[in-house]
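To start, the structure itself, in structure tokens.
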Amino acid sequence: MIKSMTGYGAAKGSSGKIEISVEIKSVNNRYLDSNIKLPRVFNSIEDTLKSIIHENISRGKVDVFISIDSSNSDDIEIKVNQTLVKSYVTALRTIAWDNELSSDIRVADLTRFPDILQAEKREIDTTELCAEISEVLRNALSDFNGMRAREGEKLCKDMSARLDDVERLTGLAAEQSPKSVEEYRKKLEARMIEVLQTANIDESRILTEAAIFADRVSICEETVRLRSHISQLRELLKSNEPVGRKIDFLVQEFNREANTIGAKGNDTEMSKIIVDLKAEIEKIREQAQNIE
């Protein structure tokens with residue numbers, strides 16, 4: 001089933017007490033343009049994450065937001081500045097000795113001094129965490145692709161219905177073309193009678209002129225090609241592979257045939273058919289812009 005280029009997906013996971021969340025958003029784009037936003041400490045794995053994205057997406061402008069919440073983790077370590085402690089103890093004993101005071105130094109007294117105790121974050125095991133980030137990203141991509149598939153199904157139904165209309169209008173154009181030739185023959189005969197002021201006219205001359213006109217306005221080749229394009233597009237809509245570019249090219253061929261038919265048709269009824277035909281093709285083209 002075809003997929004839409006627009007979609008949204010999200011997933012959450014954890015590594016110990018570290019929470020990981022991933023959000024994916026995409027809009028239409030001619031090519032694949034992926035952008036990942038994650039904490040700088042993990043910039044080294046950006047290429048790995050992009051390769052995972054490229055395995056799942058072939059077209060679209062994709063923004064991936066990865067956040068790491070370590071506020072509940074136990075990665076805080078309290079360290080004692082032993083060099084500073086010894087300096088403070090030496091200074092306190094000197095004061096006590098010089099001033100004949102008691103040198104009873106308590107731990108609580110020392111902790112009041114600045115920089116004795118220092119809170120530091122332990123280094124995160126990025127190898128394990130990176131593996132978890134990749135797994136959460138894959139889960140988010142699964143959710144993202146599920147939404148794109150559902151949107152793609154809607155696009156497929158709409159385009160299939162419009163293809164039915166294109167095929168119907170192509171049939172009407174094929175039926176109208178011979179009628180145009182017959183109307184031309186009648187008009188030509190009426191004009192010749194009017195000009196010559198007689199009913200005795202050269203019937204073979206009229207048939208020859210009508211045959212030349214019929215050859216000039218024949219849309220047989222165009223309708224055959226148009227029906228072939230319709231068949232090809234229906235097959236593409238069944239594909240499980242990215243077919244957006246192929247559909248875009250094929251719709252251009254739809255327009256080319258419709259324009260040629262319109263240029264050959266010179267009566268009011270044919271003009272109405274071509275207007276409706278090109279309107280349906282344009283709606284298909286608009287929908288094709290959303291397909292991966």
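What is the extension gain from D164 to K246, computed as 0.36 nm multiplied by their sequence separation minus the C-alpha to C-alpha distance, in nm to one decimal?
Going from the current span to full extension adds 27.6 nm.
As an exercise, use a Förster radius of 30 Å and the Cβ-Cβ distance of E135 and Y31 to find the FRET efficiency, rounded to the nearest 0.05.
Working from the Cβ atoms, E equals 0.65.
Quick check: pseudo-label points 7 Å beyond the Cα along Cα→Cβ at K238 and V275, how many nm apart are they?
The answer from the label model is 3.6 nm.
Return F113, F42, F144 ranked ascending by Cβ neighbour count within 10 Å, so the fewest neighbours appear first.
Ranking F113, F42, F144 by Cβ neighbours within 10 Å, fewest first, gives F113, F42, F144.
Based on other C-beta atoms within 10 Å, arrange Y31, Y88 from fewest to most.
Placing the least packed residue first, the sequence is Y31, Y88.
Over 31 Å between C-alpha atoms is what I'm after, so list which of K50/K238; K37/K157; K50/K154; K12/K283; K12/K246; K25/K283 land there.
Over 31 Å Cα-Cα: K37/K157; K12/K283; K12/K246.
Need the full-extension length gain, T268 to Q118, defined as separation in residues times 0.36 nm minus the C-alpha distance. One decimal, nm.
Separation in residues times 0.36 nm, less the Cα-Cα distance, equals 45.1 nm.
At 0.36 nm per residue, minus the direct Cα-Cα distance, what do L84 and I52 gain on full extension? Give it in nm, one decimal, please.
Taking L84 through I52 to full extension adds about 6.6 nm, to one decimal.
Order these by the 10 Å Cβ neighbour count, fewest first: C220, C130.
Taking fewest neighbouring Cβ atoms as first place, the list is C220, C130.
The numbers here are math on the coordinates, done by the rules we state, and not lab data. The structure presented is a predicted model; accordingly, all values stated were derived computationally and were not measured. Note: ideal-geometry Cβ built from the backbone for every residue, glycine included; neighbour counts use all protein chains shown.
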